[in-house]
Amino acid sequence: MSQDSILFERRDAVARITLNRPDVLNSFNHEMFGHLGAALAEIKADRSIRAVYLTGAGRGFCAGQDLGGGGVTGDFGDHLEESWNPISRTIRTLDRPVVCAVNGVAAGAGANLALLCDFVIAAEEASFVQAFINIGLVPDTGGSWTLPHLVGRARASAALMLGEKIPAKQAAEWGMILKAVPLAMLETEAWALATKLAGMPTFALGLTKQLIDGAATNTFEQQLLLEADLQTAAGKSADHQEGVAAFKEKRKPRFTGK
Ligand code: T3D
């Protein structure tokens, strides 16, 4: 499937999504929410897709909500529930890893869209701007949750309350993203990571994602119990059997994602 504002293609077990409104730094209009939602629904339903790669076309990754023509009209909370929040929930609960290749500036909900992903690799030329405060809004698209968890209160306060550009290298130093690489290396590095993940034990990766998010709110005791539950499930998987067999036979495992 290929739609204008969102390009969606399959390459083996990796689904590639490109935000594609480069003239407005891939900011989201109504149509784009629909197309991204459809692409994510297709990925969710198709278990032969084992990793997702998200990037932007042109010089920006995503400048958040399209502010052209006056921006959002009506109740902003309702708009969030209809547009950004379903995307945020789908990415965080998707039982497959999502790699985000941030090719340029990521602002407002666009920055937080990137930070929802499991692996964020950014071009050194890119930056992250919590632009909400610059237009009198509060952070959304999960940023008020993700940022404090990723970088701690002091740095989250600086990012969210000052609304200044945070260069990719600084974002990496802060632990906001995995790493910053030269733009010329971005696609190669991020794609290699997505391909590697697509060949790993997908079921266990999905459960690991649940554990990582669980740790944000669980007590230590709750987390031990969650680990026990999810290990029961992982222990029954074909990939666990394959992993052990390959270890015993001193060969590389051939994981199927089941
Ligand atoms: O309830 C709700 O749902 C509210 C939802 C809110 C979610 C949000 O995301 S709120 C935050 C919205 N986003 C912003 O406030 C960011 C606005 N953009 C910027 O601050 C800057 O453009 C950037 C820092 C991102 C990049 O700056 P720079 O200097 O590299 O580029 P530029 O020249 O400002 O932008 C290039 C073009 O993209 C320009 O168009 P032009 O002049 O070439 O025709 C600019 O108008 C356009 N553009 C950038 N951001 C947006 C946009 N057009 C529409 N909407 C945008 N968000």
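I want the local charge near Val105. Using Cβ-Cβ distances under 10 Å, sum +1 for each Lys or Arg and -1 for each Asp or Glu among the other residues. All intermediate terms of the calculation are to be shown ahead of the outcome.
On the way: positive: Arg59, Lys165; negative: Glu125.
Residues close to Val105 contribute a combined charge of +1.
Over the alpha-carbon set of the chain, divide Rg by the Kirkwood Rh and report the Rg/Rh ratio to two decimals. Please list the in-between numbers first.
Numbers: Rg = 18.7 Å, Rh = 19.0 Å.
Result for the chain is an Rg/Rh of 0.98.
Short version: ³J(HN,Hα) in whole Hz for each residue of region 231-245, in order, from phi by Karplus 6.51 cos²θ - 1.76 cosθ + 1.60 (θ = phi - 60°), x for Gly and Pro, what are they?
Once rounded to whole Hz, the list reads 5, 4, 5, 5, x, 8, 7, 4, 5, 5, 4, 5, x, 5, 4.
Once amide H atoms are built 1.01 Å from N in the peptide plane, which residues 5 or more positions from Leu54, or in another chain, come under 5 Å H to H?
Residues meeting the criterion, in which the H sits 1.01 Å from N, are Ile17, Val99, Cys100, Ala101.
Relative to the longest principal axis of the chain, what angle (0 to 90°, nearest 10) does the C-alpha long axis of helix 183-198 take?
40 degrees
Can you tell which of Asp140, Asp66, Asp46 shows the greatest fluctuation in a Gaussian network model of the chain with Cα springs below 10 Å?
In the Gaussian network model the winner is Asp46.
Which of these, Phe76, Phe132, Phe203, has the largest mean-square fluctuation under a Gaussian network model of the chain (Cα springs below 10 Å)?
Phe76
Pick from Leu211, Leu115, Leu137: which is most flexible by mean-square fluctuation in a GNM of the chain where alpha carbon atoms under 10 Å apart are linked?
Leu137
Can you divide the C-alpha Rg of region 202-249 by 2.2 N^0.38 Å and report the result to two decimal places? Provide the component values of the computation, followed by the final result.
Working: Rg = 12.5 Å, N = 48, 2.2 N^0.38 = 9.6 Å.
For region 202-249, the normalised Cα radius of gyration comes out at 1.30.
Straight-line reach from Lys169: which lysines have a Cα under 30 Å away, not including same-chain ones fewer than 8 places off?
Counting by Cα, and skipping residues close in sequence, Lys169 has these lysines nearby: Lys179, Lys196, Lys209.
If ligands, DNA and RNA are left out, what is the accessible area of Leu80 with a 1.4 Å probe, given in Å² to the nearest 10?
The accessible area comes out at roughly 40 Å².
Over the chain, what is the mean sequence separation of C-alpha contacts under 8 Å (at least six apart), divided by residue count, expressed as relative contact order in percent? Working shown, then result.
Numbers: 467 pairs, mean separation 42.1, N = 258.
About 16 percent, as a whole number.
How big is Rg to Rh over region 118-258, alpha-carbon atoms, Rh as the Kirkwood inverse-mean-distance radius?
1.07
For Gln210 and Val72 in one chain, what is 0.36 nm times their gap in residues minus the Cα-Cα distance, to one decimal in nm?
Values: separation 138, 0.36 × 138 = 49.68 nm, distance 3.27 nm.
Length gained, Gln210 through Val72: 46.4 nm.
The values are calculated or read from the model by the stated rules, or taken from the named source; none is laboratory data. Bear in mind the structure is a predicted one, so any value in this text is a computation, not a measurement. We place every Cβ from the backbone using ideal geometry, glycine too, and count neighbours over all the protein chains shown. Note: areas computed on protein heavy atoms with side chains; ligands, DNA, RNA excluded. Shrake-Rupley method; radii C 1.70, N 1.55, O 1.52, S 1.80 Å.
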